[in-house]
1. In nm to one decimal, list the spacings between the B:Gln69 label point and its equivalents in the other copies, with label points set 7 Å along Cα to Cβ, shortest first.
2. Please sort by residue number the trypsin sites (Lys or Arg not before Pro) in region B:222-300 whose DSSP state is loop and whose Cβ has at most 13 other Cβ atoms within 10 Å.
3. For A:Asp58 paired with B:Glu214, estimate the spin-label separation in nm (one decimal), with each label point 7 Å from Cα along the Cα-to-Cβ line.
4. Express in whole angstrom the spacing between the alpha-carbon centres of region A:22-69 and region B:14-54.
5. Say each of B:Asn97 and A:Asp272 gets a label point 7 Å from the Cα, pointing the same way as Cα to Cβ; how far apart are those two points in nm?
6. Which value results when the Cα radius of gyration for the protein assembly as shown is divided by 2.2 N^0.38 Å?
7. On each of the three principal axes of the Cα atoms of region B:183-289, give max minus min coordinate, whole Å, ordered largest first.
8. What part of the accessible area of the protein assembly as shown, given as a whole %, is carbon or sulfur when the probe is 1.4 angstrom?
Number of protein chains: 2
Amino acid sequence: MFARLGIFGVGLIGGSIAKAARLNQLANTIIGYGREQDLVNLKLAKQLGVIDEYFINDAIIADLKNHSQSNDCIIIATPVASIESILQLLKPVWSDNSIYSDVGSTKVNIIEAAQRVFGTVPTNLVPAHPIAGAENSGVQAALNDLFVNRRLIITPTNNTNPQAVAIIKQFWQQLGSSIFEMSAQHHDSILAATSHLPHLLAFALVDMLGHKNEQSDILKYAAGGFKDFTRIASSDPTMWTAICSANKTEIIPLLEQYKNELTKLQSLLSSDNSDELFALFNYAKQTRQHFLEQFDKPKE
Amino acid sequence: MFARLGIFGVGLIGGSIAKAARLNQLANTIIGYGREQDLVNLKLAKQLGVIDEYFINDAIIADLKNHSQSNDCIIIATPVASIESILQLLKPVWSDNSIYSDVGSTKVNIIEAAQRVFGTVPTNLVPAHPIAGAENSGVQAALNDLFVNRRLIITPTNNTNPQAVAIIKQFWQQLGSSIFEMSAQHHDSILAATSHLPHLLAFALVDMLGHKNEQSDILKYAAGGFKDFTRIASSDPTMWTAICSANKTEIIPLLEQYKNELTKLQSLLSSDNSDELFALFNYAKQTRQHFLEQFDKPKE
């Protein structure tokens, strides 16, 4: 499909893209790009056969210049906070022969970053977000099938070349994903509710109980429910600081709404309103059941 | 160990106790007790060989009278809201030859219920709580090894016979559990934080997003993080209404504290304080790691 697949950030997501692309023969050569501090991880990625070669710093530009005529795909799979600086780095060697994409968990800020760097969003930059992940990070956590039966959201701008969108769609379909297309605004609003908010809630709970625990050892008696509930609080703090900051305008009102929900619970408890408490719990159970049956079929 | 093991409520927990007691040969005969509406489940439990016999309504009293000289153990494994009425039912046939226990998720209210029914808590009633469970319910969800490598908390009163405590300890040790002893107050305060609060938070999130989802289909794009985070929102609403009501004095202040934690997050986001946001996420990640390493060794 591509002569070369270049990946900035060969971590869990970038590494899994590389592995799945190799498995499905979507690129002749897979290259990892990074910074000084990524060297250990990039070396490991090459050693594991996840990538064929890697370049850091100035060598990236040299490599991209050498292949500016080639039919390549460049995917930025770094934390969202780094994407603007990578676009800046790519600007002088941006090639019409290549297609560019990213996997950022927020999309409005990526499009705004591209506008700042290029004036208008390049027609061959296709913003995308695979709804997949895990709390582990680094290339050693990468999986062949991380994207199989997962959803991938593409958020093209008015400017995006439909041909480029079609190619990125095809690429992800071959990795096993189901493709959905929507505006970046809609994406950010949905993901704030289903992903960013739960992550913040889990971090908040563990932070709060952790400080309590220092005095009383309460976590000693925590069980499976707590473990699952807080799994996402083991997610990478750097990555999540960037995501939450990037999407704060969507997240802050949701936190407010959630606090109101908790106030409602407090009041149902105080007033011994068991009927409404039951109704709320029951509605939640039914809703989750509906979610499991309707949307969670593919995997797990 | 016991001539007869009688279990009120042969559901996930009661059924798992029966299965594990049978496997470990801790009782010659295992009896299920219930109400009219439990008949289907009790029949199924007998059919599955989980219990040897069952009795409902008045037949329970007749059965207990017939065996009042026998070395029996009666465990109440119903939702906490029913325990007082079961103690009331047992009062006329309460036997000094038997040991009584329960598996309620809250302990102060059980002790208070016993005080109301008996005047003082009977010396042979040993309040206990296995820290184990799942979101499924009914005898078909019961497991042989639900309590293996799990913690069991016993909360004796000043009145409880140490001999009875020792026997209940031994019983649960043989089911594979590690035994901890503490006051009912301390138990309720710890469990409010590590179990009741997370359940309420999960119910609250699914309730909130469920109502949003009716308009916008947002749950369609929810992923594994959401699924794990909300697993406990699939728990039995009746059981959790009772638990939360029973322990509301511990839970309400925790909800307040948690709302303050969320207000802190909102303010860190609004003020773009990435350093402190990162520090909070990172502390949470480390704390959870510590929890996993220190306390979660046994199983899963």
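1. Those label-point separations list as 10.4 nm.
2. For trypsin sites (Lys or Arg not before Pro) across region B:222-300 that sit outside H, G, I, E and B with at most 13 neighbouring Cβ atoms in 10 Å, the list reads B:Lys299.
3. My value for the distance between the label points is 6.3 nm.
4. Rounded to whole Å, the Cα centres lie 61 Å apart.
5. 4.0
6. 1.12
7. Answer, in whole Å and largest first: 43, 35, 25 Å.
8. With neighbouring chains kept in place, the figure for the protein assembly as shown is 48 percent.
The values are calculated or read from the model by the stated rules, or taken from the named source; none is laboratory data. Since this is a predicted model, take the numbers as computed values, not measurements. Because the Cβ atoms are built from the backbone with ideal geometry, glycine has one as well, and the counts that use them run over all protein chains shown. The area values use the complete protein model at the heavy-atom level, side chains included, leaving out ligands, DNA and RNA. Shrake-Rupley method; radii C 1.70, N 1.55, O 1.52, S 1.80 Å.
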